[in-house]
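The values are calculated or read from the model by the stated rules, or taken from the named source; none is laboratory data. This is a predicted model, so every value here is computed, not measured. For neighbour counting, all protein chains shown are included, and Cβ atoms are generated from backbone atoms with ideal geometry for every residue, glycine included.
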Amino acid sequence: MKKLIIFCFTILFSILSALTCFNFAFEALDQIESDKTTIVIEKPDNISNEIFLSGIDEALGNIGADIMFRYISEEDGKTAYSYYKTNHTTGFLKISTSADSIQLDETECISTKEQAGYTSRRLNVSSLLQDISFYSWNQANGYELSACTYYISTVCQGAVVDAIRQLGYDVTVGTSAYVSGRFSVLLFGLVPAFMLIASMVFHTLSNGKKNVLMKMDGYNTRNIVLDEIKQIAPAFIISFVIVEAVVLIAAALLYTQALFQFCIFSLPNILLAASIVFIGLAASTLFIASQKSAEHVKGKVPKKGIYVTTILAKCVFVTFIMFFLSIAIRNVTICYNTIQTSQFMVEKVESYVTVPVNEINVSSRNLADNYKGFYSATVNRYNGILVDASNYEYGLTSGLTPAEEYGQDSITINTNYLAFNPIYDTDGKIIASDSLSDTAFNVLIPESKLNEMDKYREQVRLAYSMEANFISYDGVRSSIYSYNANTVNADLILHVYGG
């Protein structure tokens with residue numbers, strides 16, 4: 001039984017240590033951006049970058065606040081985050097560095113790697129996923145700043161926004177929350193923690209006879225617990241040392257410049273493992289204290305406690321297995337559907353290219369008009385095909401698609417798509433552009449959802465301020481390809497743009 005306790009402890013601590021190793025890679029961006037609010041500042045065309053930057057720098061210096069601009073690029077095949085910040089406070093960034101101060105002049109930078117042309121100070125964070133560099137605010141002069149995103153401290157958000165608006169600039173405060181890429185310790189550690197506590201309780205219950213006999217020999221509950229600790233502590237220590245040694249070796253290879261920071265980062269999970277052991281020990285102590293009956297001595301150990309503990313442990317373990325098995329099955333299904341779709345599409349799109357829309361580092365000024373202009377030029381000149389299946393993309397926080405979470409079961413296509421991917425109406429005829437209305441918003445709806453037309457009519461009215469023109473299609477005969485494996489076997493609502 002003690003072997004089971006040691007095994008559960010080793011599994012728990014191994015999982016927590018692995019999570020520490022993985023999550024430390026995300027710690028750098030968490031430290032930099034998690035306590036910041038994003039704002040968009042629109043710079044008038046008649047104001048130069050120098051005047052724009054110096055004006056904001058001076059205004060924020062008067063109120064003792066900082067601001068930061070981020071630019072993402074790729075250097076030698078690796079993502080590089082470049083931050084340009086003002087130098088008015090010392091608490092704006094909580095980072096570890098070899099520099100005496102995070103205040104930078106135009107010849108200095110703080111970076112995870114050497115930067116040519118600058119006096120580089122080492123940034124003691126993980127550079128596994130990306131390199132990170134900090135420069136002085138005025139060094140952002142070379143970028144297009146007409147309407148860019150900036151980072152400010154959430155604590156002094158109101159004062160910073162007011163100070164910038166007093167300069168005559170339009171400021172829009174971002175509403176999206178920062179989302180960390182860390183793996184959840186609760187999700188992956190809950191079941192191993194429960195199994196460790198359950199194994200300790202089970203061990204105590206199965207030793208009922210021994211514990212009662214020890215009490216008859218003069219031992220009290222405290223003495224029995226201390227005796228158990230003395231017997232199992234060496235094995236716990238050995239397991240801890242072995243797992244920690246392996247993790248530290250891996251960390252030394254992955255996070256060479258930030259090994260000390262990694263050790264500090266790992267302390268909460270080490271304390272968490274110790275807390276779980278303490279909880280299991282406390283539960284075992286309560287059961288030992290309750291073991292006073294002479295029935296234990298006669299070998300008639302009460303079965304109820306063992307039975308309940310066993311059933312509960314099995315239920316939790318099975319639930320855990322089913323949860324992760326469902327995720328695995330979902331992923332396998334997605335992979336299979338993606339392969340099936342790709343095999344069909346490879347010939348269909350031989351003469352086409354897909355154009356991803358990248359919103360990083362771009363100006364938000366006239367963004368809608370620019371998108372529309374790009375779309376119109378693409379469609380008119382190159383017979384461009386629009387397929388927007390974003391309602392079937394999984395969310396980072398919820399793990400669900402908008403279709404699953406909010407019932408947004410539509411994709412958006414254009415009339416060129418209808419020629420590229422034939423869709424058949426209920427009479428077996430191909431739906432062509434001449435079947436569409438020129439005045440209403442065209443919606444292709446499968447026969448299986450004709451009874452929900454009122455719901456979709458209201459959605460169109462709210463989203464586009466137009467009346468819907470429904471055209472029913474044969475969902476069985478029509479194969480709809482959307483570059484998204486999650487739409488396979490779904491009865492899709494198709495919003496037709498440009499009909």
Is it fair to say VAL125 is surrounded by fewer than 15 Cβ atoms within 10 Å (Cβ to Cβ), in the same structural domain as ASN49 (by TED's automatic domain parsing) and either part of a loop (DSSP other than H, G, I, E, B) or not polar (S, T, N, Q) (or both)?
no
Give all pairs with beta carbons closer than 6 Å in which a residue from the range 244-255 that is touching a residue at least 40 places away in the same chain (Cβ under 8 Å) meets a residue that is in a helix (DSSP H, G or I) and not hydrophobic (A, V, I, L, M, F, W, C); count only pairs at least 6 apart in sequence or on separate chains.
VAL247/SER17
Output the residues belonging to the range 395-427 that are exposed (fewer than 14 other Cβ atoms within 10 Å of the Cβ), within 35 Å of the chain's Cα centre (by Cα) and either free of Cβ contacts under 8 Å to residues at least 12 places away in the same chain or closer than 15 Å to TYR483 by Cβ (or both).
GLY395, SER398, GLY399, LEU400, GLU405, TYR406, GLY407
Out of curiosity, is ILE11 under 28 Å from the mean Cα position of the chain (by Cα) and either among the basic types (Lys, Arg) or in a helix (DSSP H, G or I) (or both)?
yes
How many residues does the range 156-188 contain that are over 22 Å from the mean Cα position of the chain (by Cα), more than 13 Å from ILE41 (Cβ to Cβ) and in contact (Cβ under 8 Å) with a residue 60 or more places away in the chain?
3
Criterion violated by PHE24 - all others in (1) part of a loop (DSSP other than H, G, I, E, B); (2) crowded, with 20+ Cβ neighbours inside 10 Å satisfied:
(1)
Applying the selection to the range 24-80, what residues are closer than 30 Å to LEU248 by Cβ, among the small types (Gly, Ala, Ser) and without any contact (Cβ under 8 Å) to a residue 24 or more places away in the chain?
GLY77
Picking from ALA251, ALA235, the residue that is more than 30 Å from ASP57 (Cα to Cα), within 29 Å of the chain's Cα centre (by Cα), surrounded by 14 or more Cβ atoms within 10 Å (Cβ to Cβ) and not assigned by TED's automatic domain parsing to the domain that holds THR112 would be ALA251
So, of the residues in the range 152-180 that are assigned to a strand (DSSP E or B) and not hydroxyl-bearing (Ser, Thr, Tyr), which turns out to be nearest to MET68 (Cα to Cα)?
ILE152
Give the number of residues within the range 87-114 that are without any contact (Cβ under 8 Å) to a residue 24 or more places away in the chain, surrounded by fewer than 17 Cβ atoms within 10 Å (Cβ to Cβ) and more than 22 Å from THR37 (Cα to Cα).
5
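Residues are listed down the side, and each one gets a yes or a no for (1) over 17 Å from GLN408 (Cβ atoms); (2) acidic (Asp, Glu); (3) free of Cβ contacts under 8 Å to residues at least 12 places away in the same chain:
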residue: LEU436; (1), (2), (3): yes, no, no
residue: LEU444; (1), (2), (3): no, no, no
residue: GLU447; (1), (2), (3): yes, yes, no
residue: TYR464; (1), (2), (3): no, no, no
residue: ALA468; (1), (2), (3): no, no, no
residue: TYR481; (1), (2), (3): yes, no, no
residue: HIS495; (1), (2), (3): no, no, no
For the range 382-499, list the helices (runs of 4 or more DSSP H) that sit wholly inside it and hold at least 3 residues that are closer than 30 Å to PHE183 by Cβ and of a type outside the set (Lys, Arg); which are they?
402-406
Test: GLU74 is more than 19 Å from ARG121 (Cβ to Cβ), assigned to a strand (DSSP E or B) and among the charged types (D, E, K, R)
yes
Give the residue, chosen from ILE306, ILE288, that is more than 24 Å from LEU186 (Cβ to Cβ), of a type in the set (Val, Ile, Thr) and at pLDDT below 75.
ILE306
Output for the range 210-225, where each listed residue is outside any helix (DSSP H, G or I) and surrounded by 13 or more Cβ atoms within 10 Å (Cβ to Cβ):
TYR219
